[in-house]
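Participant: I'd like to ask you about the structure that follows.
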Amino acid sequence: MGAPIINADEFAAFVLVLLRVSMVVAISPILGSSNVVTEVKVALSLTLTFVIAPLVPFDARMMPMTWFGFVFLALGEVFLGLCIGFMVRLVLETANLAGEYLSFQMSMTMVNLMDPISGSQVPVVSRLVYIVFTLLFLFANGHLVIIQAMTDSFRVAPPGFMYLWTSSVFTEMMSAVVRMYVLAVKIAAPVVGLLFCAKVSFGIVAKAVPQMQVLFVGMPLYILAGLAMLGLSMDFWPRLIGADLFRAQEALRRVLQFLSPF
């Protein structure tokens, strides 16, 4: 048996699929983490491409005949892959935002750790919330949502077409950012509310008993009360993350419908 014959159009379609898959893997949460070595990311991108490429419908007549036309289509695939990865990544970025709120309210903004994912200093509470979010994200099959959204994108918007980036796409992306802030506020709300009441109470005590060192007494209590309420509120996180992941999946479908050439 001879080697399979692959024409130029099939190879061009394979490269376009590889570009979109690579961008999704590079920017998506967990898969695109800096903890994952580059060799694993490349192997995962190639494996997914070899699985998806034979199932992707494409019209050989739509493949460009010039390098300029191919580069133009390649840039479209890159931007589409970044859009998919960005929409899903916002679900986990909520953890860092909520952790910033909690650290500020608990007076722990100076207690930082090195985040191996971003390579920057982050509050220890943000790191704790991010780890819990990652576990819940995997428990809710978030990694499968990424792969499903990627495969659905090829069915709705196959490679080889010129996609029209309308204002509806960017409006949907901005709505996803708004949902990230809303979810972060929902997660931090129990702790923020409790600490607000505690600070008001200590303020009254400071006025009633000026000799009492409220600053030194209140700070450990803020941390203790914040951590206790944080542990109690984690019982509601799976429902919040599951609902937000479902909304992100629906938003991705709408974005792909806006980009669909059909």
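The values are calculated or read from the model by the stated rules, or taken from the named source; none is laboratory data. If you're wondering where the values come from, they're calculated on a predicted model, not measured in any experiment. Ideal geometry is used to build each Cβ from the backbone, glycine not excepted, and the neighbour counts take in all protein chains shown.
Rundown of residues vs (1) of a type in the set (S, T, Y); (2) surrounded by fewer than 19 Cβ atoms within 10 Å (Cβ to Cβ); (3) modelled with pLDDT of 85 or more; (4) assigned to a helix (DSSP H, G or I), yes/no style:
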position	(1), (2), (3), (4)
G2	no, yes, no, no
L31	no, no, no, no
S34	yes, yes, no, no
L46	no, yes, yes, yes
F50	no, yes, yes, yes
E77	no, no, no, yes
L82	no, yes, no, yes
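Participant: Being in contact (Cβ under 8 Å) with a residue 24 or more places away in the chain and either surrounded by 16 or more Cβ atoms within 10 Å (Cβ to Cβ) or more than 30 Å from V145 (Cα to Cα) (or both) narrows it down to one residue among G218, G226; which is it?
Facilitator: G226
Participant: Here is a follow-up. Within the range 242-260, can you find the residues that are loosely packed, with under 15 Cβ neighbours inside 10 Å and not in a helix (DSSP H, G or I)?
Facilitator: The answer is none; no residue qualifies.
Participant: How many residues does the range 99-121 contain that are touching a helix residue (DSSP H, G or I) at 6+ places or on another chain (Cβ under 8 Å) and at pLDDT 70 or above?
Facilitator: Looking only at that region, the number is 9.
Participant: With respect to the numbered conditions (1) among the aliphatic types (A, V, I, L, M); (2) part of a helix (DSSP H, G or I); (3) surrounded by fewer than 20 Cβ atoms within 10 Å (Cβ to Cβ), which one is the sole condition not fulfilled by V21?
Facilitator: (3)
Participant: To continue, here is another question. Going by what's in this entry, would Y222 be described as more than 20 Å from the chain's Cα centre (by Cα), in a helix (DSSP H, G or I) and closer than 21 Å to E100 by Cβ?
Facilitator: Yes: the conditions hold for Y222.
Conditions tested, residue by residue: (1) modelled with pLDDT of 80 or more; (2) crowded, with 17+ Cβ neighbours inside 10 Å.
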| position | (1), (2) |
| --- | --- |
| H143 | yes, no |
| T151 | yes, no |
| P159 | no, yes |
| M162 | no, no |
| V191 | yes, yes |
| L195 | yes, yes |
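Participant: How do the pairs read when you match residues in the range 177-197 that are of a type in the set (D, E, K, R) with residues anywhere that are assigned to a helix (DSSP H, G or I) and surrounded by 17 or more Cβ atoms within 10 Å (Cβ to Cβ), using Cβ under 7 Å and keeping only pairs 6 or more apart or on different chains?
Facilitator: Every condition considered, the pairs that remain are R179/D244.
Participant: Give the number of residues within the range 201-230 that are at pLDDT 80 or above and among the charged types (D, E, K, R).
Facilitator: 0
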